[in-house]
Every structure is written in C-alpha cells, then in structure tokens.
1. Among Val183, Val153, Val173, which is within 29 Å of Met17 (Cα to Cα) and either open to solvent by 60 Å² or more (accessible area, probe 1.4 Å) or of a type in the set (Gly, Ala, Ser) (or both)?
2. Has segment 106-122 got any residue that is open to solvent by 60 Å² or more (accessible area, probe 1.4 Å), in contact (Cβ under 8 Å) with a residue 24 or more places away in the chain and within 26 Å of Ile430 (Cβ to Cβ)?
3. Of Thr137, Thr130, which residue is modelled with pLDDT under 85 and buried (at least 19 other Cβ atoms within 10 Å of the Cβ)?
4. Could you tell me whether segment 335-348 includes any residue that is in contact with a Cys (Cβ under 8 Å, 6 or more places away or on another chain), touching a residue at least 60 places away in the same chain (Cβ under 8 Å), crowded, with 20+ Cβ neighbours inside 10 Å and closer than 30 Å to Val456 by Cα?
5. Can you give me the number of residues within segment 277-298 that are in a helix (DSSP H, G or I) and either among the small types (Gly, Ala, Ser) or buried (at least 21 other Cβ atoms within 10 Å of the Cβ) (or both)?
6. Restricting attention to helices (runs of 4 or more DSSP H) lying wholly within segment 364-467, give those where 2 or more residues are touching a residue at least 12 places away in the same chain (Cβ under 8 Å) and touching a Ser or Thr at 6+ places or on another chain (Cβ under 6 Å).
7. When you go through Leu323, Leu304 one by one, which is the residue that is open to solvent by 10 Å² or more (accessible area, probe 1.4 Å), within 16 Å of Met394 (Cα to Cα) and either under 12 Å from the mean Cα position of the chain (by Cα) or free of Cβ contacts under 8 Å to residues at least 40 places away in the same chain (or both)?
8. List pairs: first residue in segment 135-153 and in a helix (DSSP H, G or I), second residue at pLDDT 90 or above and surrounded by fewer than 18 Cβ atoms within 10 Å (Cβ to Cβ) anywhere in the structure, Cβ distance under 6 angstrom, at least six positions apart or on different chains.
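The values are calculated or read from the model by the stated rules, or taken from the named source; none is laboratory data. Computed from a prediction, not measured in an experiment: that's the story for all the values here. When we count neighbours, we look across all protein chains shown, and the Cβ atoms used for this are built from the backbone with ideal geometry, even at glycine. Areas reflect the complete protein model, heavy atoms only, side chains present, ligands, DNA and RNA absent. Shrake-Rupley method; radii C 1.70, N 1.55, O 1.52, S 1.80 Å.
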Amino acid sequence: MQAFRKKYIGDRAFYRMALLVALPIMVQNGITQFVALLDNIMLGSVGETQMGGVGVANQLIFVFNLAIFGAVSGAGIFSAQFFGKGDNHGVQNAFRFKLMICAALTVLGIVIFLTLDDTLIRAYLQGEGTAEERTKTLYYAKEYLHIMLVGLVPFVIAQCYSGTLRECGQTIVPMVAGIVSVVINLIFNTILIFGYLGAPKLGSAGAAIATVIARFAEAAVVVIWAHKNPKKCPYVVGLYRTMRMEKRLAMQIGIKTLPLLLNETLWAGGMALLSMAYSLCGLIVVPANTIASTVSNVFNVAFLAMGSAVGIIVGQLLGADKLEEAVDTDRKLIVFSVTICFAIGGVMALLSPYIPNIYTAQPADVRALASDFIMIIGLVMPINSLANACYFTMRSGGKTLVTFLFDSVYICCFTVPLAFFLHSVVGLSILPLFLVCQLTDLGKGIVGLILIKKGVWIQNIVKEDQA
C-alpha cells in the first residue's frame, strides 16, 4: 500500500506546486466560461434563433481559436523547456515564432470567414425546422461572425503573450487579464444586448461587440505588464528589434508546431462536424447542444487546467534534464486530474436536471434535451480528463506527430464517421448517438496510457547537442 501511495500519490508540497500552476488557469478559464454561460442565458432570453445563430457562429470561431492554440502550443513546448534550461534567448525566439505564424493564420482565417460564411453556416441548419427559423438563424450567425472578426487580432496577441507568461512561470498575470476581460464583457453584454443606459438594444450583435471590446482589454493587460516588467520577462527586451530567427531553430520549432497546428484545427473541425451530425436529428438539437456545451465548459475547466499544468510542469522538468522526476510527476498529475474529475463530473450529473431551467425563455423540450446532454457529459468527464492528460504528456516531450494521430486523426477518422453512420444507417436517435460519441474518448485514454508507459514522450528537445 505504501509503495502504491508513493508511486501514484504526491505529498503536500507536490499538490501545492501543481495547484500553484493549475489554479490560476482554472480560475481564469472558469470565470471566462461562467460569463459565457451568463451571455448564453441573456441571448436565450432574447430569442431561440439568436442563441442558435450565435452557437453556430461560435462553432466556426472555435475552429480558428484552436488553430491559434495549436500554433502557440507548438512553440510553447520550446518556451517551457528553454525556461527550464534558463535560456531567455531561446524563449524570445519561440515567442517570435508564435507571433509570425499566428499573424499568417489570422489573415487566412479572416479571408475564409468573409468568403465562405454563408456556406459554412448553412451546413448546420439541415435538421428539422421551418424555413423562417433557418433564415433568422443564418442572419444572426452571419451578423455575429462578422463583428467577431474585429476581435481576432487582440485575441491572437493575448494568446501569444499569455501562453509565454504561463510557460515561464507567470500564471497570475494571464489570470488577472482574463478576469478584467470577462468583467468588461459582462458589463457591455448587459448594456448592449438589452439596450440599457441609453444604448441601442442590439441582441446577438451586442454580445459580439462586447466580446471584441473585452478582447482588446485582455491583450492590453498582458502586453503592458510584460513590457513594464523586463526583469520578470527578460525575453521581451529587444523582442521587436528584429523578427529574424536562427534558421535551424525556426525549422526545429516549425517541425514540432505543424502537427499541433493541424491537430487543433482538425480536432476543432471534427467537433464542428460532430455537432453537425447531431443537428441532423432536428433543429431542436442546436440550441440544446449550445446550452449543454456552454454549461459543460464551466465544469471542464478543471481537467483542461490540469492538462495545461501537465504540459508546463513536465515540460520544464524535461528541459532541465530531470527525466526521472518528470516521469514521476506526470504519473501523479494524471491520477490527480482524473480523481478531481470524478468529483466534479458527479456534481455536474447530479445538477443536470436543474441547470437548464435557468434558460426560462427556452421551450421545455430544448431544456429537457440539454439536461440529458449535461448528464452524459458529467458522467464521462473522468474519461475526458484521462485522454486530455495523456495528450499534454506526449506534447510536453515534443511528440507532436503522435498527438496528431492520437487526437485529431482519431476524431476525424473514427468518431465523426461513426456519428454519421449511427444516425444515417443505424437510425439512432440523438441521446444514444450523443452517448456513444462521448464514450469514444475511452479508446484515446487507453492508447494514451500505453504510449506513456512505453516512455515515447520522455525527451529533452532543447539540449545543445540536439539544437
């Protein structure tokens, strides 16, 4: 028993260290998702089609956001390991790489959203429902999407700075920036959605404008703090004197980043296709899934933050060449993450019959379906936590090709085809279809544990002899 505890359970100092990294991320994401939930409730009170339109638009923006996350994360593997090594010049070069690749992705994203908006949105509006409902939902989705394009630039800047700050041990500042952002978002949402304080009543357009304002505020906080504190962030000194990088390092980061960029983009695309498959069961699924996704995001911050903690802590240990300590730390962090999610997922499942009732303006059938979705998501949360922790473990050691196969290839080549097959051929209704698709992460968790046990991820990628 003592050997088991020593292998899988850490001491107080271990959990204090883990929570110092994870809690600020958890708090920031939790507040962000809670405000998103409040936004969702506000839009739900304005109308079902407005909420549905915003939900569809956010599915598309979600793909872009994860593409940026993948680009930032690829270079972030190097930032964490360079920081663990004590190489500030290396951190600076990884930062520059983030800025350049994210600038290119932003231009590409804006072009795609402006030229293919109608086609992409209509793909979500194929289920049962009237032509009038489809037309209104399309209008609100396009309106929301076009306004949100203005916020892509500050979003990208905030992601580059916040990611590097976390990877270099500064987790509090991104949390503060996130809190400032969500408070501003909530205030302007209330004013602009409902037309308070003499402002026009803009509905879903008001929600988009509020989000854009909040994103500029978040970017301002992290950028100003970083450049006002060069002793804590030495990599910002001379950051913009040149954007040139050593060719060998740029190629090395690019090789690791490309699979992550493709992975996050394809995974988000896979999730969007999965939502599309669900929507084929009827237009009622669109608002119900929007409610369930927004609510579950509030609870999911626990395992997502723990995954980020795995990537940061283990990555720093690998960069410092403490390989045995990295293995031990990673194993205990995975157990900690799954244990937390048994508790949080259980609470979520128990509350699932009551949470959708806060959407008083939504029809009873939409709320009932959302309740069932939330219960299923809560019950499978430990499985999602395991798969997520395994993903970040392999990523921390630079095994980005493996994570690409493990994550996005799995959902695009297995989960999504399975969903369409079960609906179109087998004829499953929405609830059993949703349950089966949620349970597919169990396969990822099992494969992840096998790969971790084999040790394929244990690698210092910033050693001098590998540079």
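1. The match here is Val183.
2. Checked against the condition, which is being open to solvent by 60 Å² or more (accessible area, probe 1.4 Å), in contact (Cβ under 8 Å) with a residue 24 or more places away in the chain and within 26 Å of Ile430 (Cβ to Cβ), segment 106-122 yields no hits at all.
3. Thr137
4. For segment 335-348, residues in contact with a Cys (Cβ under 8 Å, 6 or more places away or on another chain), touching a residue at least 60 places away in the same chain (Cβ under 8 Å), crowded, with 20+ Cβ neighbours inside 10 Å and closer than 30 Å to Val456 by Cα: absent.
5. 15
6. Fully inside segment 364-467 and qualifying: 364-379, 381-396.
7. Only one candidate qualifies: Leu304.
8. Leu149/Ile110
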